[in-house]
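Everything on this sheet refers to the single structure shown next.
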Amino acid sequence: MYTLITAPRTRGTRVTWILEELGVEYAVKIRSPRDPEVKAVNPLRKLPVLVADDLVLTESAAICTYLADRHDTPSLSPAPGTTERARFDEWNYYVLTDLEAPLWYFSKNAFLYPEKVRVPEILPACRREFARSVEALARRLGDNEFLVGEAFSVSDILCGHTLAWARAVQFELSSENVRDYADRVLARPALERARSRELGASAKTQDSV
């Protein structure tokens, strides 16, 4: 069984989402990045962390891809060496480097960093860069239902979660097909179960404090 160390409303939701898509057993531990248990398994003190037997894995995209590959689900992660896998990797890197990065820099400098180290001057640039990335996403997505072929994949988990993050910080999704795509992937029952699982684990953690 897997153990996921995470916190609600973080990139860890990507991992609970794929675990629910796979329908496998897992335990959720809600922890703060400052918790000694987190430092013991990840010196960078970042969440999420997946513990699978002797393997300790960090970085949400790497965890999601590992899980899909391990459970041999070609729809969620196409086979290595195929054209579909090349497109899959291309989309994943795009989401992490082009779509998510402006959101991350915006979030850090708008509310995550201590006020004295924030650089508010970069916030408009973050919005511009995100808007450019959404335009590129709209062109490449076109009328397709999902990013890679005709099946929902890890790429859609990463992209869907990032678009939900954008909405949470009031970044505009300027293209109709991107808005429709976000609505479609974020309506998946597995995501609803994932969020409920995280909130339930969080409530249990608070009750035990």
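Below is a table of values for the structure above.
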{"quantity": "Inter-residue pairs, beta-carbon under 8 Å, first in contact (Cβ under 8 Å) with a residue 40 or more places away in the chain and in region 6-24, second part of a helix (DSSP H, G or I) and hydroxyl-bearing (Ser, Thr, Tyr), 6+ apart", "calculated": "Thr6/Thr13; Thr6/Thr16; Ala7/Ser202; Pro8/Ser202; Arg11/Ser60; Gly12/Ser60; Arg14/Ser60; Val15/Ser60"}
{"quantity": "Region 1-34, subset buried (at least 20 other Cβ atoms within 10 Å of the Cβ) and among the small types (Gly, Ala, Ser), residue nearest to Ser153 (Cα to Cα)", "calculated": "Gly12"}
{"quantity": "Enumeration of residues in region 60-77 that are closer than 15 Å to Leu158 by Cα and either at pLDDT 95 or above or buried (at least 22 other Cβ atoms within 10 Å of the Cβ) (or both)", "calculated": "Ser60, Ala61, Ala62, Ile63, Cys64, Thr65, Tyr66, Leu67, Ala68, Leu76, Ser77"}
{"quantity": "Thr10 vs. criteria polar (S, T, N, Q), within 23 Å of Asp89 (Cα to Cα), in a loop (DSSP other than H, G, I, E, B) and assigned by TED's automatic domain parsing to the domain that holds Arg197", "calculated": "yes"}
{"quantity": "Count of region 91-117 residues which are farther than 16 Å from Gly160 by Cα and either among the polar types (S, T, N, Q) or part of a helix (DSSP H, G or I) (or both)", "calculated": "11"}
{"quantity": "Residue pairs meeting the criteria (Cβ under 7 Å; at least 6 apart or on separate chains; first in contact (Cβ under 8 Å) with a residue 40 or more places away in the chain and assigned by TED's automatic domain parsing to the domain that holds Asn109, in region 127-140; second part of a helix (DSSP H, G or I) and buried (at least 18 other Cβ atoms within 10 Å of the Cβ))", "calculated": "Phe130/Pro102; Phe130/Leu103; Phe130/Ala166; Val134/Val178; Leu137/Leu99; Leu137/Val178; Ala138/Val178"}
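The values are calculated or read from the model by the stated rules, or taken from the named source; none is laboratory data. The model shown is predicted, which means the values in this text are computed figures rather than measured ones. As a convention, Cβ positions derive from the backbone with ideal geometry for all residues, glycine included, and neighbour counts pool all protein chains shown.
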